[in-house]
1. Give a residue-ordered list of calculated ³J(HN,Hα) values for the range 147-156 (Karplus: 6.51 cos²θ - 1.76 cosθ + 1.60, θ = phi - 60°; whole Hz; x for Gly, Pro).
2. Once phi is turned into θ = phi - 60°, what whole-Hz ³J(HN,Hα) does the Karplus curve with 6.51, -1.76 and 1.60 give for every residue of the range 35-43, x standing for Gly and Pro?
3. Rounded to the nearest percent, how much of the accessible area of the range 26-69 (1.4 Å probe, protein heavy atoms only) is carbon and sulfur?
4. Could you rank the peptides 151-162, 188-199 by their average count of other C-beta atoms within 10 Å per residue, with the highest value first?
5. Rounded if a/c is under 1.5, else prolate if a/b beats b/c, else oblate: with a ≥ b ≥ c from the C-alpha gyration tensor eigenvalues square-rooted, which is the range 74-125?
6. When the helix-only estimate is applied to the chain (DSSP H runs of n ≥ 4, each -39,500 (n - 2.57), divided by the residue count), what is the mean residue ellipticity at 222 nm, nearest 500 deg cm²/dmol?
7. From the square roots a ≥ b ≥ c of the eigenvalues of the alpha-carbon gyration tensor of the range 17-100, which class results: rounded (a/c under 1.5), prolate (a/b over b/c), or oblate?
8. What is the local net charge at residue 51, summed over the other residues whose Cβ is closer than 10 Å to its Cβ (Lys, Arg +1; Asp, Glu -1)?
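The values are calculated or read from the model by the stated rules, or taken from the named source; none is laboratory data. Since the model is a prediction, treat every value here as computed from it, not as a measurement. Here the Cβ is made from the backbone with ideal geometry for all residues, glycine too, and neighbour counts use every protein chain on show. The area values use the complete protein model at the heavy-atom level, side chains included, leaving out ligands, DNA and RNA. Shrake-Rupley method; radii C 1.70, N 1.55, O 1.52, S 1.80 Å.
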Amino acid sequence: MSPAGVLVRWYERRDRSPDIVARWLGAARAHLPEAVPRRFGDTEPLRGRFDRGGTEALARAHASADSILLLAGTPPVHDATLAAAPARRHGPIAVHSLHAASHPGDDHLLRFALALTHPGTVYVSASADGGGEPYLAPMGDWSGLPPEPPSWCWLGGAYARLAGPHLAAEPVAGGLLYTGGPWVPAPLRARLSEIDPARRHAARMPRGLRRSTLRLIADGLSR
């Protein structure tokens, strides 16, 4: 079982995202060396070893992973996941994560998280274990911003424009960094308590973050 700490998640557009392996290693070496993986694989136990195969082996493992690639770092970084190539029924959002035996205010962790962002990044958040933020993109289908604010978050692109007027947030890395204060209005929040899955999405969100109605119908018919 993972130790207590902090969970960081990156939500990004699959169709606008540069290679995650190169970005991850670059950001880790610059800001959080413990996030460079010791081991990796798509099943437990993790059989890939970075000290033997290096970047090329990690890239091959990521390219061949079915849905996610699992990473094991060096303390305080316990584990991480990189979204792999999308399965046929997955929506437009890819999600990467990192779990560390640290705290949301860790400056090295924050700088690493921001270094991984790019124009296709939708949302990044950090939450302490025990009060973790709910997962916001089941099957790659974006639900909206969380009902309650995380420890901190970064809003990119359209969300910076939609939510910015309502937040005390700092312009950072091409988006807005929120570290506390009043949260976003209800129409921007995912309605995760709704029983009907079709009603769990936020009433207002940027375009292109949900699977199209035609895709949902096609997926249903093919099952």
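1. Once θ is set to phi - 60°, the couplings for the range 147-156 become x, 10, x, x, 4, 7, 8, 10, 10, x Hz.
2. 7, 5, x, 7, 10, 7, x, 9, 9
3. Details: 1270 of 2670 Å².
Here carbon and sulfur together make up 48 percent of the probe-accessible area.
4. Details: 151-162: 20.4, 188-199: 12.4.
Descending packing order for the listed peptides: 151-162, 188-199.
5. Details: a/c = 3.02, a/b = 1.66, b/c = 1.82.
The shape class here is oblate.
6. On the way: 5 runs with 53 residues, N = 223.
That calculation yields -7000 deg cm²/dmol at 222 nm.
7. Values: a/c = 1.59, a/b = 1.37, b/c = 1.16.
Taking the square roots of the gyration eigenvalues as a ≥ b ≥ c, the range 17-100 is prolate.
8. Numbers: positive: 38, 39, 49, 52; negative: none.
In short, +4.
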